[in-house]
């Protein structure tokens, strides 16, 4: 290369023609820009020896709702359309702001933010009025609760690169992150996934990346993030409340499912709901809270005591085994996964179900698996291998 060419080649500065057209030469310091990019992309994590933990006090796990909603991570609250998950989540935000219990559970008090992409301000106003009336409080007591309605707006928190499948945060995400820095919240509720997430809910990698970005918010601001979602059709049919890919279930540390009480093909009490803990990395799973909608809010059903719950579970496990043996005698197969032969669905629709719901049969099935009373067995049916549920020998 000639010396003149070397002198003309930009190293750390450059005068761009488009800059001149815009009103004069602009000098770009490439070395400085590269340093900025490197700084932005630097990871905060590091490798360290476990021996460094010697002598340090073991950190106490922080909870928003003990055993149900941990702080510093993401909880997924799913529910069929119209079940009232938005109302239940708004009740949680109010309980946090007031430092009061929520559906009979203690809540760590603090500031809260409720972001809704579905309900406008008028609807939030109406729902809050009902919650406050039921709790004997007024709007002046809610100075610790902030609201944001994104109804009718572009509510996406990330943008998807169709070529790479990667997501980048949007200006709305940055605005939310900056607001939380000043708010210092204990709780952030995001309603709902379908409005906030731009990708394919059945794509595991996209699901994990989105939850990872939300978990970054939870970690940076030391708060609990509760993300509301609609379950998929298969999640409704199976009673698991799963939403799209298993990536959602696997990525969050806690998952709650609010569902109706169905007996066979009927709904005896349209105001009855069950909030079930489907996943809890840091607490017990399988807990059910019976709720009833009355006077604009959900409240704990006072009719069921601890002994009643134990009796109900015992009845469900007994009936599960009775129906499993009956159907096997009839040459009818059921399974523990999904589809038309999903055992809890088949048993709940059976004439001899004694009114036991699909959710109760599902809980009974998990109990029986844990007790090694039932097992999955692979058999050949119509020359095809299939897995069926049978009584353990």
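The values are calculated or read from the model by the stated rules, or taken from the named source; none is laboratory data. On a predicted model such as this, the values are computed, not experimentally measured, just so you know. Using ideal geometry, Cβ is built from the backbone for each residue, glycine included, and neighbour counts are taken over all protein chains shown.
Considering 140, 196, 128, the condition of being assigned by TED's automatic domain parsing to the domain that holds residue 78 and under 21 Å from the mean Cα position of the chain (by Cα) is satisfied by 196 alone. You will find that of 128, 76, 90, the residue that is part of a strand (DSSP E or B) and surrounded by 16 or more Cβ atoms within 10 Å (Cβ to Cβ) is 76 and no other.
Residue-wise test of (1) under 18 Å from the mean Cα position of the chain (by Cα); (2) at pLDDT 85 or above.
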| position | (1), (2) |
| --- | --- |
| 9 | no, no |
| 13 | no, no |
| 38 | no, no |
| 56 | no, yes |
| 90 | yes, yes |
| 94 | no, yes |
| 104 | no, yes |
| 109 | no, yes |
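Is the stretch 151-163 home to any residue that is under 17 Å from residue 124 (Cα atoms), surrounded by fewer than 22 Cβ atoms within 10 Å (Cβ to Cβ) and touching a strand residue (DSSP E or B) at 6+ places or on another chain (Cβ under 9 Å)? Within the stretch 151-163, one or more residues are under 17 Å from residue 124 (Cα atoms), surrounded by fewer than 22 Cβ atoms within 10 Å (Cβ to Cβ) and touching a strand residue (DSSP E or B) at 6+ places or on another chain (Cβ under 9 Å). In the set (1) surrounded by 14 or more Cβ atoms within 10 Å (Cβ to Cβ); (2) touching a residue at least 40 places away in the same chain (Cβ under 8 Å), residue 133 fails one condition alone, (1).
Taken as a whole, the stretch 205-215 holds no residue that is closer than 30 Å to residue 349 by Cα and either surrounded by 24 or more Cβ atoms within 10 Å (Cβ to Cβ) or assigned by TED's automatic domain parsing to the domain that holds residue 178 (or both). Does residue 229 qualify as being under 25 Å from residue 196 (Cα atoms) and modelled with pLDDT of 90 or more? Here the answer is yes, as residue 229 does meet what is asked. Scan the stretch 238-261 residue by residue and report those that are surrounded by fewer than 24 Cβ atoms within 10 Å (Cβ to Cβ), in contact with a strand residue (DSSP E or B) (Cβ under 8 Å, 6 or more places away or on another chain) and assigned to a helix (DSSP H, G or I). Result: 238, 249, 251. Of all residues in the stretch 278-295, those being in a strand (DSSP E or B) and over 26 Å from residue 130 (Cβ atoms) number 3. Could you please let me know if residue 64 is at pLDDT 95 or above, within 30 Å of the chain's Cα centre (by Cα) and within 30 Å of residue 233 (Cβ to Cβ)? In short, no.
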